[in-house]
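Report on the structure given below.
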Amino acid sequence: MNQDFFVQLEKKKKCDVADDGVRGMREKQENERRGKGLKQYIADRRLAAVSLVLGVLMGLMILLGIRYSRNELIYRTAGQFLGQLAGWVVCMTVMVWAICVGLDALGRGWPEIRDFQFREFLPVNSYQKRTQARRGKDCEDQGSSRDVESQGWESKQRAAKNLDLGTWLKWMFLSWCVYLPVFLAVYPGIYSYDASAQLLQFYGKLPLTTHHPLIHTLYLGLCMKIAGRLFHTYQAGMALYALSQSFFMSAVFSLCLCRMKARRAPRWLCVASWTFWILNPYLTVFSFVTTKDVLFGAFFLLSFDTACCLVEDPEHFWRGMCQKKEDLDKERELDKEKNLNETGSQKKVGKTGDWLLFFVSVFFMCLFRNQGIYVFLFFVLAACLFLRKKVYCKNRFIRASLLVAALWYVLSGPIPTAFGVGKGDAREMLCVPMQQLARMYHEVPEKLTPEEKEYIETLIDPQALSEYVRVNADPVKNGFHTEVMQADIGRFVRTWAEIGKRHPGIYLDSFLMGNWGYWYIGDNQYWISYILYDGAYLEDDLNILHITRNSHFQALSDWLREATLTPAFQSVPMLSVLLNQAFPFWLMLFAAGFAVWKRRAYEILPMMLLLGCWGTLLLGPVVSLRYALPLIYCVPRLLEMIVGLTGKR
């Protein structure tokens, strides 16, 4: 009797263990993953190191940014500087650490959080019953999801394609519900920035050069010419340009939202991304502005989005390129057997066409702005380091990159030269050194030798030197004689280097004064005056087509003017950060640090595109929102990367 009783008891125990095996294993994995709550973060040296490094960088940027935004010293001695820096470093380190812990805790789902929310408000039996039901449902879903998705994999792929088209049309419709009233408010568009100079070149009033991208000059001119002939007014040409550009921007944003959904991004993130891209008054207004930076930013966004896919899975990124039919069939069979990636989402990132979309986007990115090729080459160097162990992928990437660079060179150099198109002025790349020389001549001329003064006066018009301002290189650049510099480049370099060697502090101060808006998050930012909502260069000798504003929605036009030309948003704490053009750089730093903490440093590679673009901005003539558009467009994708890293180990 006793022996039978123990045998039955043992069998019952084995059955209980078999029934609860999946749930027990899952609970064990959750306990191991969650560790000991907050204690694991406090003892995490890697997190502490990342927080400290980011805290030092952010604290230094805040301290220097306050100094340059006020244009006055807020510290008189080295001790004061170090004391204020230490305070900011401590604050920013704690803030970065707290944000990392908060994001990771939310992503991993602490049991303490659930206990705090429900245990004290529900009866014990009800709480335990709901917890067990939730865990049982999770285990059941985990065990059955793979079978269901494996059986209907092909049908789901077909349905997903149709769903992507429907999703794209939905986002397009919602976007134009916003864009159409804005178009009526700014009708026929915002004729601003370099549009006058480009049309003067297009109609032969000025020599055609590559100073402005030829593809954008031709696009703008053809819109004016085609619509002008059809409707006998150049107002229609301006409207055609504004409508076509805004349509393309809404199509790009909708495509990125569809790709987000295919990657199983949270729904709230998709909605927030649409809100940021479409309801942001600055980005919405720029969709109707005649500047090359808008289309450059669109192709930059596509390049960054597909570059993230290259990092996630290089083999799938190249799928469909130079592959045999049997290899493709083998990959399809593998996908049927294993269609979930490590994040638990259906693997749609890296489908056939990602490599094509990437290189096409990069190619047009280089055509729409001359700095694009330098950003791309910087990324190629970083990608070669990342792909050094993947020889097959590395060789493909190098060959395709060289092809893109060669096509860009042919279309930007030999072909335009053969048709009589002149080259752009090299002074555009020398804004930093010319500002430093002008700073020395204008503010501390007594520290220059007579020979140096004479050479600077020969290099830059005295009238331009007298108009020098610290935050804008355009007055000095307009008086810079490139032919003098090119006649003796060695003398230019020696003069600039010798003065800088004697006065490095002034050179550094001049450099930081010209770009602090790209790395300092704060108020009193002078770049707000460079949004030119009412147009620019509208004089009769420049505006040869007589484009004028004829708003059909005056109330909205007045609101957009006030929203884009006045810093009223800075009174709102969150908006003052999100709508700041330095925010993308700070978000990139945080995303990189977060990836390093998660031991997924390879995800930093796509950010090399952002870093390269940001580096070129530091060498520009002035801090302007339109120059930072490519970085601002990438903010939702950066947020998706951070959200995807939460809770991972």
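Segment Val484..Lys205, full-extension length gain: 97.8 nm, with 0.36 nm per residue of separation and the alpha-carbon distance subtracted. Shown is the FRET efficiency for Arg502 and Phe231, computed with R0 = 51 Å from the Cβ-Cβ distance and rounded to the nearest 0.05: 0.25.
Placing unit charges on each Cβ (+1 for Lys and Arg, -1 for Asp and Glu) gives region 560-649 a dipole about its Cα centre, and among Val635, Leu618, Leu579 the Cα reaching farthest toward its positive end belongs to Val635.
Taking 0.36 nm per residue of sequence separation and removing the Cα-Cα distance, the Glu562/Trp176 pair yields an extension gain of 136.8 nm.
Rounded to the nearest 0.05, the FRET efficiency derived from the C-beta distance between Ile215 and Leu82 at R0 = 60 Å is 0.75.
Share of carbon and sulfur in the accessible area of region 574-630 stands at 78%, probe radius 1.4 Å.
Determine the dipole magnitude for region 546-613: charges of +1 sit on the beta-carbon of Lys and Arg, -1 on that of Asp and Glu, nothing else is charged, the reference point is the Cα centre, and the result goes in debye to the nearest 20.
In debye, rounded to 20, region 546-613 gives about 260.
Once the 1.4 Å probe is applied to the protein heavy atoms, region 178-226 comes out at 34 Å² accessible per residue. Other residues lying with their Cβ under 14 Å from the Cβ of Asp425 contribute a combined charge of -1, Lys and Arg counting +1, Asp and Glu -1. Across the options Ile489, Leu532, Pro504, the greatest Cα extent toward the positive end of the charge dipole of region 464-550 (unit charges at beta carbon of Lys, Arg, Asp, Glu) belongs to Pro504.
The values are calculated or read from the model by the stated rules, or taken from the named source; none is laboratory data. None of these values were measured; they are calculated from a predicted model. Positions of Cβ are generated from backbone atoms using ideal geometry, with glycine treated the same way; all protein chains shown enter the neighbour counts. SASA here: full protein model, heavy atoms, side chains in, ligands and nucleic acids out. Shrake-Rupley method; radii C 1.70, N 1.55, O 1.52, S 1.80 Å.
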